[in-house]
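Encoded as C-alpha cells, the structure appears first; notes follow it.
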Amino acid sequence: MLSAWRPELAELRRLLKSRPCRAHVVARAAGVGLVEAAVGATAAVAEVRPDAVVFVGTAGSYPNRRSELARARVVAARRLVLWADGVVSGAAYLPPALPATQKTTLALRRIATATGLRTADVASPIGITCRPAPPRRDARSPTCDVENLEAFAVARAATASGLPFAIILGISNPVGPSGHAAWRRNATRAAAAACRAALALIERATQRAPAKHGK
C-alpha cells in the first residue's frame, strides 16, 4: 500500500492493528508529486517485492466533469493521464516516446467496483490546479474526472515492475481556487475513506487467491 505521505495511511495502520487481514500489507509513503512518487514507489517495490500495488490518496474533482462524482466519497481509478496545461494549449508537446496514459489492472478494478466504488479517470499534473475550471467545451477543459499528483507516477512504477495495481482516491475538494481550503478541511476524512475502501479491495482479492508467505 502506497500513499504520497504518511498521514494518508493513518486509517490503514489503525485498521490493521484492530482486525486481522489475510494479506500481508506493507504500508509506505512514496513521496509528494510526480517525480518523488515515481522514485519512492520504485524503491518500495524493490524493497518489499509485493504481489500487487495499491495506491491511496486524496483527489480534487473537476467541477465540469461527471456530476455524480460530487456524491462519491471514494473512486477507483480507471485511466491515468499525464496532464499539462501547456500541452493542451499548444505551448508545449510531449515527445512520442513518453507514455502519457495508463490503465489500472482490470481484475483489481472489477473487484473495486464490486465493492461499490465508482470508477474515474485521473489526471496527474506537475502542480495542483488552482485556476477556475474552463467551460466544458473549452479545449483546456480536463479530459479526466479527478486530479491527483502522484497516481500516474505510481502506475508507471508498478507497470515497469510487472505488478498489478489499483488506485483508490478519496474525494476531498473541488479543483479550483477554493480547492486548497477544502482539502485542508476534508483531507483526513477523504484519506481515511480511501484506506477503508482499499483494504476492502485487498481482502476481497485475497479471498480469491491462496495466501503466500511473506507477500
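The values are calculated or read from the model by the stated rules, or taken from the named source; none is laboratory data. For clarity, every value in this text was computed on a predicted model and none was experimentally measured. Cβ placement follows ideal geometry from the backbone for every residue including glycine, while neighbour counts extend to all protein chains displayed. In case anyone asks, the SASA skips ligands and DNA or RNA and just uses the protein heavy atoms, side chains included. Shrake-Rupley method; radii C 1.70, N 1.55, O 1.52, S 1.80 Å.
Taking only DSSP H segments of four or more residues, each worth -39500 (n - 2.57), what value at 222 nm results for the chain once the sum is divided by all its residues, to the nearest 500 deg cm²/dmol?
Details: 6 runs with 77 residues, N = 215.
Estimated from H runs of four or more residues: -11500 deg cm²/dmol.
From largest accessible area down, sort Arg109, Arg14, Arg28; use a 1.4 Å probe on the protein chains. All intermediate terms of the calculation are to be shown ahead of the outcome.
Working: Arg109 40, Arg14 125, Arg28 80 Å².
Solvent-accessible surface, decreasing: Arg14, Arg28, Arg109.
Can you give the angle from 0 to 90° between the axis of helix 179-207 and the longest principal axis of the chain, with both taken from C-alpha atoms, to the nearest 10?
Taking the Cα atoms of the chain, the angle to 179-207 is about 40 degrees.
How do 159-169, 190-200 rank on mean C-beta neighbours within 10 Å, highest first?
On the way: 159-169: 21.1, 190-200: 24.1.
For the peptides 159-169, 190-200, the packing ranking is 190-200, 159-169.
For Asp85 and Asp51 in the same chain, what is the full-extension length gain: residue separation times 0.36 nm, less their Cα-Cα distance, in nm?
8.7 nm
Provide Ile128, Ile171 ordered by accessible surface of protein heavy atoms (probe 1.4 Å), highest first. Please report the intermediate quantities before stating the final value.
On the way: Ile128 125, Ile171 20 Å².
Final ranking, largest accessible area leading: Ile128, Ile171.
Using the Karplus curve 6.51 cos²θ - 1.76 cosθ + 1.60 with θ = phi - 60°, what ³J(HN,Hα) values do you get for each residue of segment 11-16, in whole Hz, with x for Gly and Pro?
Whole-Hz 3J(HN,Hα) from phi for segment 11-16: 5, 4, 4, 5, 5, 5.
What is the projected area of the convex hull of the Cα atoms of the chain, averaged over all directions, in nm²? Kindly include the intermediate steps, with their values, before the conclusion.
Numbers: hull surface 46.4 nm².
That works out to 11.6 nm².
Local charge sum around Ala10 (other residues, Cβ-Cβ under 12 Å, Lys/Arg +1, Asp/Glu -1)?
Values: positive: Arg6, Arg13, Arg14, Lys17, Arg189, Arg196; negative: Glu8, Glu11.
Surrounding charge for Ala10 is +4.
Over the chain, give the accessible area per residue in Å² for a 1.4 Å probe, as an integer.
On the way: 10810 Å² over 215 residues.
Dividing the accessible area of the chain by its residue count gives 50 Å².
Need one number: % antiparallel among DSSP beta bridges in the chain, to the nearest 5. Walk me through the numbers before you get to the answer.
Working: 8 of 29 bridges.
Looking only at bridges with both residues in the chain, the antiparallel portion is about 30 percent.
Quickly work out the Gln207-to-Ala107 label distance, labels modelled 7 Å from Cα along the C-beta direction, and quote it in nm with one decimal.
My value for the distance between the label points is 1.7 nm.
Angle between the Cα long axis of helix 34-48 and the longest principal axis of the chain, 0 to 90 degrees, nearest 10?
The answer is roughly 10 degrees.
Report the label-to-label distance for Ala182 and Ile126 in nanometres (one decimal), using points 7 Å from each Cα along the Cα→Cβ vector.
2.6
Positive end of the charge dipole of the chain (Lys, Arg +1 and Asp, Glu -1 on Cβ, about the Cα centre): tell me which of Gly90, Gly116, Val45 has its Cα farthest that way.
Gly116
Could you pull out every residue, at least 5 positions away or on a different chain, whose amide H is within less than 5 Å of the one on Tyr62? Hs are placed 1.01 Å off N in the peptide plane, and Pro or chain starts have none.
Val146, Glu147, Val175
Which value, in debye to the nearest 20, gives the size of the charge dipole of the chain about its Cα centre, when Lys and Arg are +1 and Asp and Glu are -1 at the Cβ?
Details: 31 positive and 13 negative charges, 160 e Å.
Using Cβ point charges on Lys, Arg, Asp and Glu, the chain gives about 760 debye.
Carbon-plus-sulfur fraction of the accessible area of the chain, 1.4 Å probe, in percent? Spell out each step's value before the answer.
Working: 6090 of 10810 Å².
Ligands and nucleic acids excluded, carbon and sulfur give 56 percent.
Ignoring ligands, DNA and RNA, how do Thr119, Thr101 rank by accessible area with a 1.4 Å probe, largest first? All intermediate terms of the calculation are to be shown ahead of the outcome.
Numbers: Thr119 35, Thr101 85 Å².
The ranking, largest first, comes out as Thr101, Thr119.
Step through the residues of segment 90-106 one at a time and calculate ³J(HN,Hα) from phi using the Karplus curve (6.51 cos²θ - 1.76 cosθ + 1.60, θ = phi - 60°), rounding each to whole Hz and writing x for Gly and Pro.
Here the 3J(HN,Hα) series is x, 7, 8, 8, 8, x, x, 6, 8, x, 10, 9, 7, 9, 6, 5, 4 Hz.
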